[in-house]
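Below is one structure; the comments refer to it alone.
The values are calculated or read from the model by the stated rules, or taken from the named source; none is laboratory data. Since the structure is predicted, the reported quantities are computational estimates derived from the model, not experimental observations. As a convention, Cβ positions derive from the backbone with ideal geometry for all residues, glycine included, and neighbour counts pool all protein chains shown.
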Amino acid sequence: MGICCSLYALSPEQLARLRADPPLIWRLVEPDDETPYLAEVAPPQRISWLQRLFGQTRAPAAPAVAVPDFPAHERMEVDLDKSWDGLRHCLGLCAPDAPDFFAGDGSIGRIEVGYGPALAVDSGTLARYAAALEGIDEEGLRRQLQSTDFKDVYLGDVWRRRGADAEDYLLENFRELLGFLRQAAAQGQAAVICYT
């Protein structure tokens, strides 16, 4: 158990659509289950005591709701598991001028999708972060891991051990993050961050 981080790439137009209609976040993070989305947009109707008094025994049918889908080519996803804050800390030291990608550019509504609402990352922020990380190699990240104080960093005890397992875990997720950012930036995409 702990706080995991998932990233989703999507077009800037789809991100604007999410910001305008926050319940759509469920179609991005739970594409195979329309239930959470429908619960947000068409909550089940209850029968009031007055309706029961006058003989109504069933709630009125919920209106039909179109369930939007995100195109598969826009829904690239990466799961950074619990490495996200260790990466954030080390990469922030390696590239101090990079934007704080993991803080996002604002929340998408107020719908809790785990630990708070999902965060939007505009395509410009994503592109700047991807460019800043191009100058970082695994050896530089490894050096940061070995020399950095991880006070107030999520899983700081793990990172402070500086063992081979922590290093492998961080580097594996760095590769995943870098691949995600490169592909998303090359396509001019934005991103959504969910902490679950």
Does segment 66-86 contain any residue that is over 21 Å from Gln189 (Cβ atoms) and at pLDDT below 95?
yes
I'd like to verify a number: residues in segment 1-34 that are within 11 Å of Val113 (Cβ to Cβ) and β-branched (Val, Ile, Thr), how many?
2
Select from segment 85-124 the residues that are acidic (Asp, Glu) and under 26 Å from Gly140 (Cα atoms) and write down the one among them that is surrounded by the fewest Cβ atoms within 10 Å (Cβ to Cβ).
Asp97
